[in-house]
Amino acid sequence: MKYNRVLTLKNGKKAILRNGDAPDGQEVFEVFNRCHGETDYLLTYPDENSFDPDAEAEYLAEKTKSENGIEIVAEIDGKIVGTAGISAVGSKFKVRHRAEFGVSVLREYWGLGLGRALTEACIGCAREAGYEQLELNAVLENERATSLYRDCGFVEFGRNPRGFKSRTGKYQEVVYMRLEL
Ligand SMILES: CC(C)(COP(=O)(O)OP(=O)(O)OC[C@H]1O[C@@H](n2cnc3c(N)ncnc32)[C@H](O)[C@@H]1OP(=O)(O)O)[C@@H](O)C(=O)NCCC(=O)NCCS
């Protein structure tokens, strides 16, 4: 899928939200690893990234060609500072109406409105692709994320008290949320 939008952030700077494509592979790979190292709320630790820059480029090219998936990058002053995407839950008839959503922004750019803009962009793309339900999971204590999702209309439908086990040794309760489109 394709996407392109310019928005003005809370600090007055302009950001571009656009679908990531093959030439972004190296930078998206680096931003993924940075984002995943800056917070303990995501599933993957940077050393568990299953992609290298070439595989990331291929993934982004496939998403651009896809009719029901997208990876959107947020760019400020020509630098990628966050990503968000939607993917089909599955291709079988009974689950074809469902998509999964994920978002992350580099910590130094939090609080500027990028998380909300990326989330809203993905909701719009999910509708355009014909999905009926968008799903996500989040660590309960990640209030910045869960309050944003609630605000965008996502509703909690379950919790797993020991959903994640952090490398700190602590369990993290995982909240499942869904949005009817
Ligand atoms: C979650 C995340 C994407 C939010 O991105 P962001 O760019 O900071 O989001 P925004 O600036 O659009 O802020 C979103 C809203 O949260 C609010 N918010 C900020 N801090 C908050 C807090 N501690 N508690 C509750 N709400 C908070 C903001 O006020 C804003 O609301 P508004 O649009 O009504 O002003 C970002 O923090 C992130 O990438 N975190 C690490 C990765 C992650 O946790 N991803 C989600 C996994 S489920």
Is it the case that Ala145 is within 30 Å of Gly12 (Cα to Cα), within 8 Å of the ligand (Cβ to nearest atom), buried (at least 18 other Cβ atoms within 10 Å of the Cβ) and hydrophobic (A, V, I, L, M, F, W, C)? yes
I'd like to check something: does region 21-31 contain any residue that is within 16 Å of the ligand (Cβ to nearest atom), part of a helix (DSSP H, G or I) and touching a residue at least 60 places away in the same chain (Cβ under 8 Å)? yes
Can you tell me which of Arg150, Arg127 is surrounded by fewer than 18 Cβ atoms within 10 Å (Cβ to Cβ) and closer than 27 Å to Arg34 by Cα? Arg150
Name the residue, out of Val95, Val81, Val73, that is among the β-branched types (Val, Ile, Thr) and over 27 Å from Arg107 (Cβ atoms). Val95
From Lys92, Lys65, which residue is under 24 Å from Asn4 (Cβ atoms) and without any contact (Cβ under 8 Å) to a residue 60 or more places away in the chain? Lys65
Subset of region 32-75 that is of a type in the set (Gly, Ala, Ser) and surrounded by 14 or more Cβ atoms within 10 Å (Cβ to Cβ) - its residue that is farthest from the ligand (Cβ to nearest atom): Ala61
Mind checking which residues of region 159-180 are assigned to a strand (DSSP E or B), within 15 Å of the ligand (Cβ to nearest atom) and exposed (fewer than 13 other Cβ atoms within 10 Å of the Cβ)? Arg159
Scope region 76-100; condition farther than 19 Å from Val31 by Cα and crowded, with 21+ Cβ neighbours inside 10 Å; matching residues: Ala99
Scan region 120-137 and tell me whether some residue there is of a type in the set (Ser, Thr, Tyr), part of a loop (DSSP other than H, G, I, E, B) and touching a residue at least 24 places away in the same chain (Cβ under 8 Å). yes
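Taken together, the values in this text are just the output of simple stated rules run on the coordinates, not laboratory data. All values reported here derive from a predicted model rather than from experimental measurement. Cβ: placed from backbone, ideal geometry, glycine included. Neighbour counts: every protein chain shown.
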